[in-house]
1. Using the Cα gyration tensor of the stretch 80-124, with a ≥ b ≥ c the square roots of its eigenvalues, what is the shape: rounded (a/c below 1.5), prolate (a/b larger than b/c) or oblate (neither)?
2. Considering the dipole of the stretch 44-149 built from charges on the beta carbon (Lys and Arg +1, Asp and Glu -1) around the Cα centre, which of 59, 82, 110 is farthest to its positive end?
3. Classify the stretch 24-114 as rounded, prolate or oblate from the Cα gyration tensor: take a ≥ b ≥ c as the square roots of its eigenvalues, call it rounded if a/c is under 1.5, otherwise prolate when a/b beats b/c and oblate if not.
4. Tell me, what ³J(HN,Hα) does each residue in the stretch 99-115 have, in order and in whole Hz, if you take phi through Karplus 6.51 cos²θ - 1.76 cosθ + 1.60 with θ = phi - 60° and put x for Gly and Pro?
5. Tell me, how many Å apart are the Cα centres for the stretch 113-149 and for the stretch 38-92?
6. How much area per residue is accessible in the stretch 43-149 when the probe is 1.4 Å and only protein heavy atoms are counted (Å²)?
Amino acid sequence: MMRTDQRFGVIGLVLSAAIFSTTVHADGRNYNDGPVVEISSIRTVDGHFDDYMQWLATNWKKQEEAAKKAGLITKYQVLVAQPQGPNDPDIYLIVEYKNWAALDGLGGKFDAVTAQIEGSVEKANQSQADRAKIRTVLGAKTVQVAELK
């Protein structure tokens, strides 16, 4: 059982760590906060790389262009990779946002863009389910660019 003074020491340590971690992500002496970038890792099913690239070049591009025009995103791109193993991505989808605040309420805003492109959110959901036959989403990460001074 912890003594009271030990508990306060642990609480102080946790609070110090929380305060330090928030200051680490703020603008620093050597960098400024840049845009926020979402990186999705995709692995296409064997024999369907071109099918998925066709979808990216048509529907996905239309969606991203509409999102850019609406001010939801600032940039998007597709990176093709050489997988090193069976669980590695062969495509990365990169979407850039102005900052973290740009992600607030983004779901509803993207639903409107998706409905505009696909006809409805339900059709978009069905289209996404159909794409599962030709690709697997391995995961996604959201990071922030540190713009060096």
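The values are calculated or read from the model by the stated rules, or taken from the named source; none is laboratory data. Please read these numbers as outputs of a predicted model, since none were measured by experiment. Cβ atoms come from the backbone with ideal geometry, glycine included; neighbour counts cover every protein chain shown. These accessible areas exclude ligands, DNA and RNA; they are computed on the full protein's heavy atoms, side chains included. Shrake-Rupley method; radii C 1.70, N 1.55, O 1.52, S 1.80 Å.
1. Here the stretch 80-124 falls in the oblate category.
2. Looking along the dipole axis, the top candidate is 110.
3. On the way: a/c = 2.72, a/b = 1.35, b/c = 2.01.
Oblate, since a/c reaches 1.5 and b/c is not below a/b.
4. 6, 5, 4, 5, 7, 5, x, 5, x, x, 5, 5, 4, 5, 5, 4, 4
5. 9 Å
6. Result: 64 Å² of accessible area for each residue.
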